[in-house]
Amino acid sequence: MNHHIQQLETIANELRCLALRAIYLAGSGHPGGSLSAAEIVTALYFSVLNVDPSRPDWPERDRVVLSKGHGCPILYAALAKRGYFPIEELWTLRKLGSRLQGHPDMRKTPGIDATTGSLGQGISVAVGMALGGKFQSKSYRVYAIMGCGEQQEGQVWEAAMSAAHYCLDNLVGIVDYNTLQIDGCNAEIMEIAPLTDKWRAFGWHVIQVDGHDIAALLDAFAGAKNTHGKPTAIIARTIKGKGVSFMEDQVKWHSSVVTKEHFEQAMAELGCDRIFDTELEATHG
Amino acid sequence: MAERIPNNRVAYGKALVTVGETRPNVVVLEADLGKGTQTVLFRERFPERYFPVGIAEANMMGVAAGLATTGLVPFASTFCVFASMRAVEQFRNSIAYPRLNVKVVATNAGIEIGPDGATHQAIEDIAIMRAIPNVTVLVPSDPVMTMKLIPMVADSVGPVYVRIGRQDTPYIYDEDRLHLEFGKAVLAREGHDVTIIAIGNMVCRSLAAAELLEREGISARVLDMFSIKPLDTAAIVQAARETGCIVTAEDHNVLGGLGGAVAEVLSAEMPVPLVRVGVQDTFAESGDGEEVLRAYGLTAERIAAAARTAMARRNELKRIL
C-alpha cells in the first residue's frame with residue numbers, strides 16, 4: 001500500500017479520536033455519523049481540496065458543504081488538524097460562547113463554508129455555490145456530504161434535478177451511506193434504495209465506493225473531476241460508528257451520550273492517547 | 001419618461017431591470033411564476049443572469065443562499081404564500097440565520113388577489129417573516145415607492161423580504177418628493193385627531209378614509225409603514241402622543257402583522273386605543289379582488305369607521321382618567 005494512503009488512514013483515525021473526545025466533553029453530539037464520514041472528510045481535506053487554512057474566505061477555494069450537519073465533529077476535527085483553528089478549541093464544542101456550534105455555522109467557524117443542520121438544505125446551497133462558480137467562470141469545485149437518511153428529504157431531489165439541469169460538473173455530492181438513521185435502519189423507516197439508480201435517473205454521474213477505502217475514495221474524486229457536463233454522486237458505503245467496536249452498525253450511536261467508560265474504551269481501541277499527546281504538543285509549540 | 005403602469009408587480013419587474021443595468025452581480029431566481037411576479041422583464045433583458053429553478057421553492061432558497069456566498073446578489077421571487085410558508089424553514093436556516101445577502105421579493109400578497117382563493121391568499125407572511133431575526137421586511141404601497149425601494153434593497157446587506165400585491169394600485173407619491181429610509185415611516189398625510197397606520201394596498205384606502213373623515217371635520221394622519229422591520233417605533237409613539245388613538249390597516253391577518261407590530265409598540269411604550277383593520281383571523285375566499293376586500297372589511301369606509309371608534313375610545317378613556 002502506498003505511503004500517502006497509509007498517512008491518510010492514520011489521519012482518519014486521528015480525526016476519529018479528536019471528534020469523539022470533543023463529543024465526550026460536550027456531553028452530547030452525534031458519534032455514529034461522525035465516525036462513518038472519517039475517511040470521506042480525510043480524503044477531502046488532506047488530499048483533494050484546494051484550500052488555504054490561513055485564508056478561509058479565499059474566493060478561489062474549493063467548498064465543502066456538510067449537508068448532514070450533525071456530523072460536524074469530524075469536520076471540525078479535520079479543520080483543526082488542517083490549522084483553521086487550534087486543536088484545543090475542539091473541546092469547546094457545543095458550549096456557550098464557542099465558535100463550534102452543535103451544527104455548522106459559517107459565520108462563527110473558520111473553514112465552514114455553509115450553515116447547515118436542517119437536512120436536505122445543504123445540497124441546495126452547494127448547487128448555488130457551484131452555479132455561482134460557473135456563472136463567474138471560477139475553477140473551484142464544490143463538495144456536498146449528505147447522509148443516507150437525508151435522502152428522504154424531498155429537497156435533495158429538487159436540488160439533484162437543478163444540478164443536472166445546470167450541468168454542474170463542478171459539484172460532487174457524497175452520500176455517507178451507513179444505512180442507519182435516528183429511529184432505525186433506512187429500510188424499515190423509509191427505504192432509499194436503489195440509490196445509485198435514483199441519482200443516475202436524476203442526471204448525475206454515479207460512482208459507488210467503499211467509503212472507508214481511502215484509495216477508492218481518491219479514485220472516485222478523480223473520476224468526478226474527469227466527468228464533464230454533469231455533476232457526480234459518490235455513493236459511499238460506510239459503517240455507522242466505524243472504528244469503535246461497540247458503536248459499529250448500532251442505531252443508538254446516532255446520538256447517544258458518550259460516558260466515561262465508553263470514551264475510555266473507544267480511545268483505547270483507536271489508540272488515541274498517543275495522538276492527543278502529539279497533537280497538544282504540536283499546538284503548544 | 002416611461003409609461004406609468006399602476007401596478008407594483010410591473011414596477012418590481014422594471015426596477016429589477018434598472019438594478020440589473022448597473023449592478024452586474026444581481027441575479028434572479030424564479031420558481032415558475034415569472035409571469036406573475038414580473039421577473040420575466042429581467043429574463044428578457046438579462047437571460048444569462050436569470051435562473052429558473054422550476055416549481056421547487058425550497059431548493060430556490062438554498063440555491064439563492066449558495067449564490068450569495070459567492071458574492072452575487074440573488075433576488076428570489078415567487079408568490080408570498082410559497083416564499084413565506086412553503087419554503088420558510090429554508091429561508092430561516094439557509095438564509096436568515098447565516099445573514100446571507102438574499103432578497104426574497106414575493107408578490108400576490110393578501111386577499112386582494114381574489115379569484116384564486118384562500119390557498120393563494122397570503123395573510124400570514126408578515127407575521128412569519130418579521131418573527132425571524134436578521135430579516136428586513138418591506139411592503140411598498142405604490143409603483144413609485146417600489147421603483148425606489150428595489151435599488152435600495154439591492155444595495156442593502158443581508159436578507160430582505162419584500163411583499164408586493166397583485167392588483168393595480170393608484171399612484172400615491174411624487175417621485176421627487178418621496179424620501180425612503182429603512183425604519184422610517186412615510187408621512188402620507190398630516191393630521192391631528194387620529195392616526196391611520198397602513199401598508200401596501202391599504203395606504204390608498206387609508207388616504208380615501210382620511211378624505212371621508214375630513215368631511216366630518218376629523219383630521220386624520222396617515223403613516224405609510226412600508227418598513228415593517230425595522231419598524232419606526234418613534235413615529236408610532238409620536239402619533240400616539242399627538243393624536244391619542246391609532247388605526248392600523250393591512251391586507252393581512254390582524255394577528256402578528258402590522259396591527260400586531262403596532263400593538264406591541266403601543267402597549268410597551270404609549271398605550272392608547274388601537275383598532276386593527278385587516279383580515280380578522282379567517283381564511284377568505286374566491287371572488288373579484290375588490291369584492292373580496294369589501295366582503296372582509298378592507299375598505300376606506302371601514303377604516304373611517306375604525307377611526308371614529310378609536311377616537312370614541314380615546315375620549316371615553318379621557319373621561320375615565
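The values are calculated or read from the model by the stated rules, or taken from the named source; none is laboratory data. All figures in this text were calculated on a predicted structure; none of them were measured in a lab. Note: ideal-geometry Cβ built from the backbone for every residue, glycine included; neighbour counts use all protein chains shown. These accessible areas exclude ligands, DNA and RNA; they are computed on the full protein's heavy atoms, side chains included. Shrake-Rupley method; radii C 1.70, N 1.55, O 1.52, S 1.80 Å.
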Return the pairs, sorted by first residue and then second, in which the second residue is part of a helix (DSSP H, G or I) and surrounded by 11 or more Cβ atoms within 10 Å (Cβ to Cβ), the first residue lies in segment B:306-321 and is at pLDDT 95 or above, the beta carbons are less than 7 Å apart, and the residues are 6+ apart or on different chains.
B:ALA307/B:ALA209; B:ALA307/B:LEU213
The condition of being away from chain B (no Cβ under 14 Å) and β-branched (Val, Ile, Thr) holds, among A:VAL206, A:VAL156, only for A:VAL206
In segment B:62-78, the residues that are open to solvent by 10 Å² or more (accessible area, probe 1.4 Å) and either out of contact with any helix residue (DSSP H, G or I) (no Cβ under 8 Å at 6 or more places or on another chain) or among the aromatic types (Phe, Trp, Tyr) (or both):
none
Let me spell it out: the conditions are (1) assigned to a helix (DSSP H, G or I); (2) out of contact with any Gly (no Cβ under 9 Å at 6 or more places or on another chain); (3) not polar (S, T, N, Q), and A:GLY203 meets all of them except one. Which number is the exception?
(1)
Just wondering, is there one or more residues in segment B:20-31 that are within 19 Å of the chain's Cα centre (by Cα), closer than 20 Å to B:ILE113 by Cβ and modelled with pLDDT of 95 or more?
no
B:VAL81 meets each of (1) open to solvent by 10 Å² or more (accessible area, probe 1.4 Å); (2) within 14 Å of the chain's Cα centre (by Cα); (3) more than 26 Å from A:GLY120 (Cβ to Cβ) with one exception, condition (3)
Within segment A:45-68, can one find any residue that is touching a helix residue (DSSP H, G or I) at 6+ places or on another chain (Cβ under 7 Å), open to solvent by 20 Å² or more (accessible area, probe 1.4 Å) and at the interface with chain B (Cβ under 10 Å from one of its Cβ atoms)?
no
Could you tell me how many of the residues in segment B:167-223 are in contact with a Cys (Cβ under 8 Å, 6 or more places away or on another chain) and surrounded by fewer than 17 Cβ atoms within 10 Å (Cβ to Cβ)?
1
Residues of segment A:159-175 being open to solvent by less than 30 Å² (accessible area, probe 1.4 Å), in a helix (DSSP H, G or I) and within 11 Å of chain B (Cβ to nearest Cβ), in sequence order, are A:ALA159, A:ALA160, A:SER162, A:ALA163
Applying the selection to segment A:112-150, what residues are of a type outside the set (A, V, I, L, M, F, W, C), open to solvent by less than 10 Å² (accessible area, probe 1.4 Å), more than 7 Å from chain B (Cβ to nearest Cβ) and part of a helix (DSSP H, G or I)?
A:GLY122, A:GLU150
Do we have A:GLY97 as within 8 Å of chain B (Cβ to nearest Cβ) and open to solvent by 30 Å² or more (accessible area, probe 1.4 Å) here?
no
Which pairs turn up if I take residues in segment A:98-113 that are touching a residue at least 12 places away in the same chain (Cβ under 8 Å) and look for partners that are basic (Lys, Arg) and open to solvent by less than 40 Å² (accessible area, probe 1.4 Å) with beta carbon separation below 6 Å, at least 6 apart in sequence or on another chain?
A:ASP113/A:ARG63
Right, B:VAL19: more than 9 Å from chain A (Cβ to nearest Cβ) and in a helix (DSSP H, G or I) or not?
yes
